[in-house]
Amino acid sequence: MSHEDSDNWDPQFHGRSPLFAPLASMVAQHFSQLRDWPGLADFNRVFTEQPVMNAQGLNIHCVSQAAKSSSFAEAYEPRIYHQGELQTRLANWHDFFNFLVWQHFPKTKALLNAKQVQALSYRHQNAISERSIAEHVLTMFDECGAIFVSSDADQLDLLKDFGWWQLFWHNRKRFAVDTAAFIFGHGIFEKAINPYVGLTAKAVLLRVDQDFFQTDSRQQLAYLDVRLVAHFQQAEAVAHTKVLQPLPILGIPGWYPENEDELFYRNTDYFRVRTC
């Protein structure tokens, strides 16, 4: 897909890369027959069939994006939290993927929203304009997040140490055997429609049992949803922005055709050397 075509509706987008694979079932079931972008009624039909609740137990539903308002109650995150209203722009990949992430990681999205509203409310009440570190971390993961999992701690350590060649090339056959990556951030999904070298996510690293890799995608996502909630409930998870690990996602074996060549991993502008 060219940059010029990236705003066009493509109901078969999920076949372009395995990174979209966890979304494929829902897209095929609800959107693959649409000749044009889904509308609010299409999104809310899915929310009716597969309800998603916010942290207050209110059902989430899509509404048109409102005009920008200075009112705290009318801001994006508070409307989700207090009214269950997910403001959604139509004919827009970014918001389309946000809808899909709410469906696939409902518990985590609800928690992130609740934490954002708590932080926003505190700043609003105390007339603080600057966002907190926790808000930056939460937004970074919401927009650009990924989950990197392995049953082998050494694999996780390779990622922490920027051991890209060893992890992605020498150990590439281990992906789907004892190691895997999942995209969470709707901003990353959007950019992956028209991928470019340099595309990097911010990952949470999780150790899992080997049994994890014997389950299907639906079970894996449900499990990760619970694990992410537990992770972000810890204060240290949002203590500083470096708690999220850089993950050059085009290096994931199978996710990008060029990474079938070892030379791809020699690009140190993309697969950077750790400096600290």
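Numbers for the structure displayed
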quantity	calculated
Residue selected from the range 189-222 under the condition among the polar types (S, T, N, Q) and either crowded, with 19+ Cβ neighbours inside 10 Å or touching a helix residue (DSSP H, G or I) at 6+ places or on another chain (Cβ under 8 Å) (or both), by the criterion farthest from Asn98 (Cα to Cα)	Thr215
Verdict on His186 being surrounded by fewer than 18 Cβ atoms within 10 Å (Cβ to Cβ) and in contact with a helix residue (DSSP H, G or I) (Cβ under 7 Å, 6 or more places away or on another chain)	no
Unmet requirement for Phe264, which otherwise passes all of (1) over 22 Å from the mean Cα position of the chain (by Cα); (2) at pLDDT below 95	(2)
Of all residues in the range 159-172 being surrounded by fewer than 20 Cβ atoms within 10 Å (Cβ to Cβ) and touching a residue at least 12 places away in the same chain (Cβ under 8 Å), the one that is nearest to the chain's Cα centre (by Cα)	Lys160
Selection from the range 59-94 of residues that are touching a Cys at 6+ places or on another chain (Cβ under 9 Å) and not hydroxyl-bearing (Ser, Thr, Tyr)	Glu85, Leu86, Gln87
Lys191 vs. criteria over 21 Å from Lys107 (Cα atoms) and among the basic types (Lys, Arg)	yes
In the range 121-155, residue surrounded by the most Cβ atoms within 10 Å (Cβ to Cβ) [restricted to those that are over 30 Å from Pro78 (Cα atoms) and over 19 Å from the mean Cα position of the chain (by Cα)]	Gln155
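The values are calculated or read from the model by the stated rules, or taken from the named source; none is laboratory data. Bear in mind the structure is a predicted one, so any value in this text is a computation, not a measurement. Cβ sites come from the backbone with ideal geometry, for glycine too, and all protein chains shown count toward neighbours.
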